[in-house]
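**Q** Mind looking over this structure? Questions follow.
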Amino acid sequence: MNSNHRANDVLTKEDGPQVISARFMYGPLDMVSLTGEKVDVHVMTSPPAGEYEYIGTEVSNSHGRVTFTLPEEKKLPHGMYPVKCIVRGDHTSVDFYLTVLPPKTEMVVFSIDGSFTASVSIMGKDPKVRAGAVDVVRHWQDLGYLILYITGRPDMQQQKVVAWLAQHNFPHGMVSFCDGLSYDPLRHKTNYLRHLIIENGIVLHAAYGSSKDVQVYSAVGLKPDQIFVMGKASKKHQGNATILLEGYAAHLSKLTNPGGSRPAVGNARMVIQKGCFSLPGQSKLKERRRTTAKRTVSYQTAVGADPPATPHRLEPHNSSMKVRPRGTSPRPKFGFRGETGV
């Protein structure tokens, strides 16, 4: 059975606990959970082009859940760190981010369903992107705001949704799904945003979504001129939000006019990663091309021959084997879903 491992990106402040959590499941509709198996935790401590460092190992519980707290001596300073959790038994893995934020980091929130797609849902048969949606997200990213993609969908759909974001070149951002099926996804969104504001000191600057999201954004303190709604809205919502009747292109034109938007304030601009989501295998292909270019200097290969594929294992190549202190784990050289330059 194919794996469907997933994890929400983690946002925390520097003086708080740095806790990561992931779920390891297999098969359609989570038929099998990884129970009682060791999972190795690796963090790229010098992003974006560093190597993964082994941090520790945790055993999954009966629900396939792994929760790991970084020890005090390995806690990370401000930054956006790729995390890779690898099942020791079959070498399947899940990628996500641990982001340690400075105080008062400014964020722009996008609710995925309804605001980005011209169809009803991102999981529908024809999930076309609304014209100008990607450009609006990129505008806020370029101004230095942390981007958050939030949805009330269950986390079992995470891989498909992130692949859709990557396919359409959406700027990189943090991603948050419900932990399993939720009977009240709007409450989940509200509680999650409140947690970010109260516990991590995040400042919400603007938020985008459908008419259903207006009550969520209003509940966390956003004003009508900070809430932007795509599509139709009832009369009761028109006074509580800004309705983008002319679409994203016209909205972007207003944002880029003098006084339409301002750069983010604070030190978060030094932390936030630029670029887009990457599709699975894209970073591996780039690495393979670089390796092939180097090999042509030392020896010739057959015309049209493909370079050897990098095995999906933790063991490093013998040519790059390094002596490591006892108790450390080999550093995997894998690509990451949020790698820049894609």
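The values are calculated or read from the model by the stated rules, or taken from the named source; none is laboratory data. What you see is a predicted model; the values in this text were computed from it and never measured. Virtual Cβ from ideal backbone geometry, glycine too; neighbours counted across all protein chains shown. Keep in mind that these areas ignore ligands, DNA and RNA; they rest on the heavy atoms of the full protein, side chains included. Shrake-Rupley method; radii C 1.70, N 1.55, O 1.52, S 1.80 Å.
**Q** In this structure, does residue 179 turn out to be buried (at least 23 other Cβ atoms within 10 Å of the Cβ) and not hydroxyl-bearing (Ser, Thr, Tyr)?
**A** No, not satisfied.
**Q** Here is a follow-up. May I ask you to list the residues in the range 46-88 that are at positive phi and assigned to a loop (DSSP other than H, G, I, E, B)?
**A** Answer for the range 46-88, where residues must be at positive phi and assigned to a loop (DSSP other than H, G, I, E, B): just 64.
**Q** Could you check the range 3-45 and list, in sequence order, the residues that are touching a Gly at 6+ places or on another chain (Cβ under 7 Å) and either part of a strand (DSSP E or B) or at pLDDT below 95 (or both)?
**A** 13, 23, 25, 33, 41, 44
**Q** With the range 199-282 as the region, which helices (runs of 4 or more DSSP H) entirely inside it contain at least 2 residues that are open to solvent by 20 Å² or more (accessible area, probe 1.4 Å) and touching a residue at least 12 places away in the same chain (Cβ under 8 Å)?
**A** 214-219, 247-256
**Q** Also: Can you name the condition, by its number, that residue 177 falls short on among (1) in contact with a Cys (Cβ under 8 Å, 6 or more places away or on another chain); (2) in contact (Cβ under 8 Å) with a residue 40 or more places away in the chain?
**A** Single failed check for residue 177: (1).
**Q** One residue is enough: does the range 93-105 have a residue meeting the conditions more than 17 Å from residue 8 (Cα to Cα), touching a helix residue (DSSP H, G or I) at 6+ places or on another chain (Cβ under 7 Å) and either open to solvent by 10 Å² or more (accessible area, probe 1.4 Å) or in contact (Cβ under 8 Å) with a residue 40 or more places away in the chain (or both)?
**A** yes
**Q** Of the residues 34, 29, which single one is among the hydrophobic types (A, V, I, L, M, F, W, C), farther than 28 Å from residue 147 by Cα and crowded, with 19+ Cβ neighbours inside 10 Å?
**A** Matching residue, one of 34, 29: 34.
**Q** When only residues in the range 9-22 that are in contact with a strand residue (DSSP E or B) (Cβ under 7 Å, 6 or more places away or on another chain), of a type outside the set (Asp, Glu) and open to solvent by less than 50 Å² (accessible area, probe 1.4 Å) count, which is farthest from residue 177 (Cα to Cα)?
**A** 18
**Q** Exactly one condition in (1) more than 23 Å from residue 66 (Cα to Cα); (2) open to solvent by less than 60 Å² (accessible area, probe 1.4 Å) is false for residue 188; which is it?
**A** Only one criterion in (1) more than 23 Å from residue 66 (Cα to Cα); (2) open to solvent by less than 60 Å² (accessible area, probe 1.4 Å) is unmet by residue 188, namely (1).
**Q** Here is a follow-up. Being open to solvent by 30 Å² or more (accessible area, probe 1.4 Å), in contact (Cβ under 8 Å) with a residue 40 or more places away in the chain and in contact with a Cys (Cβ under 7 Å, 6 or more places away or on another chain): is that true of residue 88 here?
**A** no
The rows are residues; the columns are (1) at pLDDT 95 or above; (2) under 25 Å from residue 198 (Cα atoms).
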residue: 226; (1), (2): yes, yes
residue: 233; (1), (2): no, no
residue: 236; (1), (2): no, no
residue: 244; (1), (2): no, no
residue: 265; (1), (2): no, yes
residue: 278; (1), (2): no, no
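**Q** Could I ask something else about it? Would you confirm whether or not the range 46-55 contains a residue that is touching a strand residue (DSSP E or B) at 6+ places or on another chain (Cβ under 8 Å) and closer than 17 Å to residue 89 by Cα?
**A** Yes, the range 46-55 has at least one match.
**Q** If residue 49 satisfies all but one of (1) farther than 16 Å from residue 8 by Cβ; (2) in contact (Cβ under 8 Å) with a residue 40 or more places away in the chain; (3) surrounded by fewer than 19 Cβ atoms within 10 Å (Cβ to Cβ), what's the number of the condition it fails?
**A** Every listed condition holds for residue 49 apart from (2).
**Q** Tell me which of these residue 193 doesn't satisfy, since it passes every other one: (1) within 24 Å of the chain's Cα centre (by Cα); (2) open to solvent by 10 Å² or more (accessible area, probe 1.4 Å).
**A** Of (1) within 24 Å of the chain's Cα centre (by Cα); (2) open to solvent by 10 Å² or more (accessible area, probe 1.4 Å), only one is false for residue 193: (2).
**Q** Can residue 114 be described as surrounded by fewer than 20 Cβ atoms within 10 Å (Cβ to Cβ) and either assigned to a loop (DSSP other than H, G, I, E, B) or modelled with pLDDT under 95 (or both)?
**A** Considered against the rule, which asks whether it is surrounded by fewer than 20 Cβ atoms within 10 Å (Cβ to Cβ) and either assigned to a loop (DSSP other than H, G, I, E, B) or modelled with pLDDT under 95 (or both), residue 114 comes out as no.
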